[in-house]
């Protein structure tokens, strides 16, 4: 009885052991020398096989880097860290000296409450599929369809569907890989520099009236943000009926635009910015009062001026203009997630 | 010699592994979109089949039968096939990188291909000795390659055919596979075993 249970164990175990020894021997004997830099590069990559680099997995990307077929800064999840490490391994200089960390933003605020629907869509819960049915159920032909194809596409679980039917980006998890950007059939998601914090949450090219009838928070193309008083450095330009932001310029214009926009289409991810205060050095020249875009400074000529805290948006224009250096900014940045 | 020929013809045409025995349907549908990949897969399967039939036959006759452990055959065969495929992959990578890259992903996929296990078990059922099982394996492999080649040729032409919208892709492939299988039934009178 004992041998009838023991024997199969021994035989099968023995065979397995024999094969494993054989395989181990073969793997040593027939080991293929590969470029040692390949495994070094694999170690410094993010190692999540997300495919954002355009190669099927981290290994394929590392092989392409070793062969010199691709630029070394392809790993977006790894970011600047990975790129500089690869540069060290490959002994080349990083091509882009300054790596700008990007983050995805959803450029639509028209959720269930704000934007109308043309009909009830009951098909496959997928934006691409919904787009095929008469161009989507959303009344706005540019707005977010809210079926979460971008959420599915996100490899890092940085996207989730909010209560109002719009995707929400978790900035801490977002690596700026851009998978969601290509997944969105309406091209609503954009990558902006992480430091920028402000974006225009609408991509509609329609005229003001058309936008107003379908959505209460869409950009009506009024061009207030584009006016030289608001945007002197040309950060904001008009492209058709929609302002575009040149993040490379990144002046204080954006912050002013947030407060000038009548439809509140500009979104500032920072909910609380430090405000200015004017100290006793002020001689009441009135320059700050003139330059303030939101009329947040009051005071008679020749008297010490005063900042109205409730009106101040913390753009800092007056700080740079004050000839006496009497204005300073006090307080800390308050982020949306800390609210 | 005549018997070997019968075994060969029977494995290639009459009892074709894919079209008559319905073994290895997964690669038959999965890898039959392009002729060159179909050929690569066919070659890989033939190669592994021949090797596997040698090893399974040896181990079955020299180890399992003397210890009366015939009931362990499936487990043992899977063990043998899996190790063998791994070994072949390791050796090929070193000795013939060109062939290794040509077979590519198909080689490891063969590990879980039921056609190989089916072949090993059929060898036992049919009581083939070592030489006969090698011939049978060769025939089975060639038959598999033939089925894949015919299928891929037809699917390449189907790309340009005016297929009704609902049938495009996998549905028409399955219909074609069925028709092909019926066509191969015509060979059933060819060999009397």
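We did not get these values from a lab; they are worked out from the coordinates using the rules stated. From a predicted model like this one, the values you see are computed outputs, not experimental measurements. Glycine also receives a Cβ, built like all others from the backbone with ideal geometry; neighbour counts cover every protein chain displayed.
Taking the Cβ-Cβ separation of residue A:298 and residue A:272 as r and a Förster radius of 22 Å, what is the calculated FRET efficiency to the nearest 0.05?
Between residue A:298 and residue A:272 the formula returns 0.50.
The angle separating the long axis of helix B:130-158 from the principal Cα axis of greatest extent in chain B is about 10 degrees. For the stretch A:272-335, the alpha carbon convex hull comes to 70 Å³ per residue, rounded to a whole number. Legend: mean number of C-beta atoms from other chains within 10 angstrom of residue C-beta atoms, peptide B:88-100, equals 2. Estimated from helical segments only, the mean residue ellipticity of chain B at 222 nm is -22000 deg cm²/dmol, where each DSSP H run of four or more residues counts as -39500 (n - 2.57).
Based on C-alpha pairs under 8 angstrom that are at least 6 apart in sequence, chain A has a relative contact order of 11 percent. Helical runs (DSSP H, four residues minimum) scored at -39500 (n - 2.57) apiece and divided by the length of chain A put the mean residue ellipticity at 222 nm at -8500 deg cm²/dmol. Label point of residue B:168 set 7 angstrom out along Cα-Cβ; within the stretch A:111-147, amide nitrogens under 19 Å from it belong to A:124, A:128-135.
Measuring between their Cα centroids, the stretch B:1-45 and the stretch A:265-309 lie 83 Å from each other.
With the gyration tensor restricted to C-alpha atoms of the stretch B:142-193, the semi-axes of the equivalent ellipsoid amount to 26, 12, 8 Å, longest first.
Normalising by residue count, chain A has a Cα convex hull of 240 Å³ per residue. Model label sites at residue A:320 and residue A:249, defined 7 Å from Cα along the beta-carbon direction, differ in position by 1.2 nm. Extent along the principal axes, Cα only, for the stretch B:9-121: 46, 37, 22 Å, with the longest axis given first. Please state the shape class of chain B: rounded when a/c is under 1.5, otherwise prolate if a/b exceeds b/c and oblate if not, all from the C-alpha gyration tensor. Oblate is the answer for chain B, as a/c is 1.5 or above yet b/c matches or exceeds a/b.
In terms of surrounding Cβ atoms within a 10 Å radius of their Cβ, B:75, B:170 rank from fewest to most as B:170, B:75. Which of rounded, prolate, oblate describes the stretch A:102-195, given a ≥ b ≥ c as roots of the alpha-carbon gyration tensor eigenvalues and a/c under 1.5 marking rounded, otherwise prolate only if a/b is larger than b/c? Cα axes put the stretch A:102-195 in the prolate bin.
Peptide B:69-80 shows a mean partner chain C-beta count of 2 within 10 Å per residue C-beta. For the stretch A:4-46 and the stretch B:136-193, compute the distance between their C-alpha centroids and round to whole Å. Computed from Cα coordinates, the inter-centre distance equals 38 Å. The relative contact order of chain B, computed from alpha carbon pairs under 8 Å that lie at least 6 residues apart in sequence, is 44 percent.
The distance between label points at residue B:131 and residue B:181 comes to 3.6 nm (points 7 Å beyond Cα on the Cα→Cβ vector).
Mean separation of Cα pairs under 8 Å and 6+ residues apart, divided by the residue count of the stretch A:197-268: what relative contact order is that in percent?
Contact order relative to length: 37 percent.
If you plug the beta carbon distance of residue A:67 and residue A:88 into 1/(1 + (r/R0)^6) with R0 = 25 Å, you get a FRET efficiency near 0.85. The residue A:287 and residue A:196 beta-carbon pair, evaluated with R₀ = 22 Å, returns a calculated FRET efficiency of approximately 0.20. Please give the helix A:79-90 orientation as an angle from the longest Cα principal axis of chain A, in degrees from 0 to 90, rounded to the nearest 10. Taking Cα atoms only, the helix is inclined about 50 degrees.
Between residue A:209 and residue A:48, the contour length at 0.36 nm per residue exceeds the Cα-Cα span by 53.3 nm.
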